1. Given (1) β-branched (V, I, T); (2) modelled with pLDDT of 95 or more; (3) within 26 Å of A33 (Cβ to Cβ), identify the lone condition not met by V250.
2. So P427 passes all but one of these: (1) surrounded by 14 or more Cβ atoms within 10 Å (Cβ to Cβ); (2) closer than 30 Å to A199 by Cα; (3) not hydroxyl-bearing (S, T, Y). Which condition number does it fail?
3. Kindly state which strands (runs of 3 or more DSSP E) lie completely within the range 175-264 and contain at least 3 residues that are surrounded by 15 or more Cβ atoms within 10 Å (Cβ to Cβ).
4. Here is a check on your reading of the model: is V110 of a type in the set (A, V, I, L, M, F, W, C), modelled with pLDDT under 85 and surrounded by 14 or more Cβ atoms within 10 Å (Cβ to Cβ)?
5. Can you pull out the helices (runs of 4 or more DSSP H) entirely within the range 383-442 that have at least 2 residues that are within 30 Å of V35 (Cα to Cα)?
6. Quick check on my filter: what residues within the range 426-439 are at pLDDT 95 or above and among the aliphatic types (A, V, I, L, M)?
7. Output the residues belonging to the range 38-81 that are of a type in the set (D, E, K, R) and either outside any strand (DSSP E or B) or under 21 Å from the mean Cα position of the chain (by Cα) (or both).
8. One residue is enough: does the range 8-31 have a residue meeting the conditions touching a Lys or Arg at 6+ places or on another chain (Cβ under 6 Å) and among the β-branched types (V, I, T)?
Amino acid sequence: MSHVSPPHLLYVAWGFPPSRSGGAYRLLATANAFVREGWDVTVLTVPREVFLRSTGVDASMEARVDPRVKVERIAFPHDETVLDLRTWSRFRAHAPELWNGWRGWRTARVFPEPRYGLWRTNLEQAASRIHRAQPVSLTIGSGNPNVVHTAGLHLKDTAGVPFIMDYRDTWQLDMYSGRRTLSDRHPGARWERRLVDAADEVWFVNQPIAQWHQELYPEAAGRMRVVSNGFDADFVGDVAAPRTDRSAGVVFGNIGTMTSQTPIPQLVDGWLAARSAGALTDDRIELYGYLGHQGDDEGAVLSTIARVNDGSVTYRGPVAKGQIADVYAGLDVLILPLGTSRFMTSGKVFEYMATGLPIVSVHDPVNAVSDTLRDYPGWVPAASLRAVDVADALVRAAHLAAEQTLRDRQRAREWAERFERARILRPVAQEWRERIAVGGGF
């Protein structure tokens, strides 16, 4: 009996664990989902030390990579992040502004993406090498950065391998204004069109983003699909029983990176308004997560919560993914503060729903996440970001949390099971395995 080799996925992902960036969860889950559906999976990513200079690391994430996944870490040109003057060339040391201009010019010639474009050459060479060693059946590039998609295009052009563009972020869509950021003549726009024209599928995380791109690229609309984010059951754990001392005060919590777009000021305004009206007097808020993408508190979170001079709002720092279930178990209400955008779907919302806890939305109702949460049993949305509306939502959520039972949480979790990431990704991996088997995915 002849042996049929499993299909081989080449998964190109810059921020693969141990990167602590929010997108790393989708990358981890995708690689694991495909390998568990019988694929051989090779991940093409950057060396670990790159994350020490950029996003930071979360070692607990790397421990969750399925041992059957082969991870290849190839060199990533990142000289601009090297601040040790002893390693600088004479040119850079004596004329740093000229060096930066030369570096930008050189990058743009290879691929028009600052800081990342020079990786294209290494990606294409590595993709060819991997394909020679074990023929690749399918390539998926998960951006950003968008240079990851060039490996798939390269194998499509040179070997006819189908490829998928997974847009975790967008290249030309400003998520907050809804405007297109590049003109048709911009090199980035030309490259995106070239990639989209060649891709066998283009994935987006929600329908508003997919629709925007379908209107921009109508000829490719039929190859675009929504592959939603979700929650990872292994990280969230089982539903925790409600705390026994809620009568002494309800504990609100937010877990996630807080930036200048995160409405922490509006949250604090609403909190103060509620307490000045005699509500939430025994309750408190605990904020967990990184302050800014680079750890620089660009959203001025610390100075904002300092306005609450009674200590009822505190910053607790970041949480390793491996410890997040314990943090959830100590909270009674989860706060979801998001910047205003009809394209915004927070990856965090799916994990929030998996806890079964009440979720108080502190964001404009226009956000796409409102559609995701619409029928969640514990959703408490603020009518707007005005202090009075945020205060009202916080008070209602506190009342709900004070009375919530373990069975209530279990029912909420049962409703949220549809968003378990494995349930979202497993059918995709199965579908593509069938497509490869019957004719190469075309």
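The values are calculated or read from the model by the stated rules, or taken from the named source; none is laboratory data. Since this is a predicted model, take the numbers as computed values, not measurements. Glycine gets a Cβ as well: all are built from the backbone with ideal geometry, and neighbour counts include every protein chain shown.
1. (3)
2. (1)
3. Per the criteria, 201-204, 251-255.
4. Taking the combined requirement at face value, the residue satisfies it.
5. Here the list reads 406-416, 421-439.
6. V428, A429
7. If the condition is that a residue be of a type in the set (D, E, K, R) and either outside any strand (DSSP E or B) or under 21 Å from the mean Cα position of the chain (by Cα) (or both), then R48, E49, R53, D58, E62, R64, D66, R68, R73, D79, E80 are the ones that fit.
8. Among the residues of the range 8-31, not one is touching a Lys or Arg at 6+ places or on another chain (Cβ under 6 Å) and among the β-branched types (V, I, T), which makes the answer no.
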